[in-house]
Every structure is written in structure tokens, then in C-alpha cells.
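Just so you know, all these numbers are worked out from the coordinates, no wet-lab data involved. The model shown is predicted, which means the values in this text are computed figures rather than measured ones. As a convention, Cβ positions derive from the backbone with ideal geometry for all residues, glycine included, and neighbour counts pool all protein chains shown.
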Amino acid sequence: MSFTVSAGTASRVYSWQHGSLLSALEQGLSLTTSGMNDVRIVDSEGRSHSPAALYQRMFGQQPTDEAAQPRARAA
């Protein structure tokens, strides 16, 4: 299976390919934490998920690790 992680900044959109769901999820959560916008994980069937929603679907709960939680950005 193939998973695509995408995220954006004000001026660019980035995309990465992963062979495992856990690898894609780890990167998606990390990008969210680092402040990237519109982080999405797309599976090989074209379904798009936010990292938090995919984590909840897989594990039945929201990520509890502070590093996996999105942080508010200073204005």
C-alpha cells in the first residue's frame, strides 16, 4: 500500500510518499505539531484523512502524547 502525506505553508505545498500507514501517520502528526497547514494523509484508495482523525480511527482515541498534539500558533 501507498500513503501520501501532504502539508502546506503560505507559499508552498509539500508531499511525501510512505509505504506504511504508521510511518505516514507519524509524519502527519509531526507536521501538524510543527505548524504546517492542511496536513492530510491520502491512502491508496484516494481517501483523505487528517492525522488526528486517522489516529482516532486506528486506536480509538485522540493522540495523548504532547508531541503529537497540534499547538496553537502565536499571532
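Starting from region 1-27, keep only residues that are touching a residue at least 40 places away in the same chain (Cβ under 8 Å), then list their pairs with residues that are charged (D, E, K, R) and surrounded by 14 or more Cβ atoms within 10 Å (Cβ to Cβ) whose Cβ atoms are within a distance under 9 Å, requiring at least 6 positions of separation or different chains.
Hits for this filter: Met1/Asp43; Ser2/Asp43; Phe3/Asp43.
So how many residues does region 1-60 have that are on the phi < 0 side of the Ramachandran plot and assigned to a strand (DSSP E or B)?
Number of matching residues: 19.
Among the residues of region 12-39, which ones are under 16 Å from Met1 (Cβ atoms) and either hydrophobic (A, V, I, L, M, F, W, C) or surrounded by fewer than 18 Cβ atoms within 10 Å (Cβ to Cβ) (or both)?
Trp16, Gln17, Gly19, Ser20, Leu21, Leu22, Ser23, Ala24, Leu25, Glu26, listed by residue number.
Return the pair list, or none, for Cβ contacts closer than 7 Å from residues in region 28-46 that are touching a residue at least 40 places away in the same chain (Cβ under 8 Å) and within 19 Å of Met58 (Cα to Cα) to residues that are crowded, with 18+ Cβ neighbours inside 10 Å and among the hydrophobic types (A, V, I, L, M, F, W, C), at least 6 apart or on different chains.
Final answer for the pair search is Asp43/Phe3.
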